[in-house]
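Taking it in order: structure first as structure tokens, then the write-up.
Please treat every number below as a calculation from the coordinates, not as lab data. Just so it is clear, the structure is predicted and the values come from calculations on it, not from any experiment. Neighbour counts are summed over all protein chains in view; Cβ atoms, including those assigned to glycine, are modelled from backbone coordinates with ideal geometry.
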Ligand code: COA
């Protein structure tokens with residue numbers, strides 16, 4: 001696919017996806033959602049790519065939300081469809097990707113932008129970042145998983161307040177809430193993400209895949225996370241990576257994971 005609204009840079013085992021509609025503060029229109037779906041699918045299937053970082057272009061925004069101009073006249077049926085298709089194609093898709101995805105929040109992450117960051121496996125913000133779910137100020141609710149993932153990440157009371165007030169929080173408050181793992185200067189944002197990505201890449205990508213599945217299972221209402229963890233843990237014992245990892249430890253050498 002020829003990308004119009006995103007670009008991808010790859011170096012070593014890392015891919016960086018940049019959403020590139022700065023004149024619209026990187027708002028997510030349908031075209032961008034489709035491009036992101038294709039990009040995540042292809043990078044997720046690439047065994048060379050061990051970690052994916054997603055960020056926004058320009059200095060102002062990560063993503064300022066779903067593109068309001070596209071859905072302002074939608075019917076009930078179209079509104080429902082917008083949320084269902086978006087969740088399946090992008091937000092749930094990222095959460096369930098077994099390649100780790102880090103959100104590098106470089107400015108406004110609002111509405112669908114914060115929902116996109118929350119669908120990633122974890123988040124790092126620069127000190128200019130501002131986050132919120134302003135949907136109720138538009139007469140709608142978060143539709144890309146925000147009502148579920150925000151309470152999971154910061155607790156029900158804080159999420160209720162953020163959703164009901166439609167207000168924004170700054171990076172320090174997001175850190176205090178546990179919404180982002182680190183707050184760094186704008187210049188440090190991508191280098192810090194890349195450094196963490198490099199540490200992740202040294203570990204078994206097979207074991208990481210099962211860890212992601214087990215952690216996610218605990219947040220699904222229809223799955224018992226602890227049983228899923230037991231199953232996934234047992235499965236690891238049949239992998240070459242597990243054999244290499246444990247042998248290397250016992251031999252007091254660095255592991256060289258075969259990736260299977
Ligand atoms: N959808 C569509 N266009 C958007 C957008 C969105 N979510 N967010 C910003 N834009 C566009 C603006 O319409 C403007 O386009 P224009 O220059 O063609 O008029 C451009 O991006 C710049 O935004 P602007 O509002 O002029 O910047 P600002 O610095 O004054 O304000 C925000 C920044 C983020 C506070 C403001 O853009 C905003 O509130 N955006 C909407 C956030 C939102 O409600 N998101 C949830 C959507 S469900």
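With angles folded into 0 to 90 degrees, how steeply does helix 156-165 sit against the dominant principal axis of the chain? Use alpha carbons for both and round to 10. That helix lies at roughly 30 degrees to the long axis.
Give me the percent of DSSP beta bridges within the chain that run antiparallel, rounded to the nearest 5.
Values: 9 of 31 bridges.
If we restrict to bridges inside the chain, about 30 percent are antiparallel.
Label separation (residue 45 vs residue 176): 4.6 nm, computed from points 7 Å beyond Cα along the C-beta direction. The label point for residue 202 and the one for residue 3, both projected 7 Å from the Cα toward the Cβ, are 2.8 nm apart. Computed log10 I(q)/I(0) for the range 143-260 at 0.11, 0.19, 0.22, 0.24 Å⁻¹: -0.59, -1.10, -1.17, -1.23, from the Debye equation with unit scatterers placed on every C-alpha and solvent omitted.
With Cα atoms as the point set, the radius of gyration and Dmax of the range 71-192 evaluate to 14.3, 44 Å. For the chain, modelled as a GNM whose springs connect Cα atoms under 10 angstrom apart, the maximal fluctuation among 238, 132, 44 occurs at 238. The ellipsoid equivalent to the alpha-carbon distribution of the chain has semi-axes of 32, 20, 18 angstrom, derived from the gyration tensor eigenvalues as √(5λ) and listed largest first. GNM on the chain, alpha-carbon springs under 10 angstrom: the most fluctuating residue among 177, 221, 144 is 221.
Summed over qualifying helices (DSSP H, 4 residues or more, each -39500 (n - 2.57)) and divided by its residue number, the chain shows a 222 nm mean residue ellipticity of -13000 deg cm²/dmol.
On a 0 to 90 degree scale, rounded to 10, what angle separates helix 189-201 from the longest Cα axis of the chain? It is inclined by approximately 30 degrees. How many percent of the alpha carbon pairs in the range 1-93 exceed a separation of 19 Å? That tail contains 44 percent of the Cα-Cα pairs.
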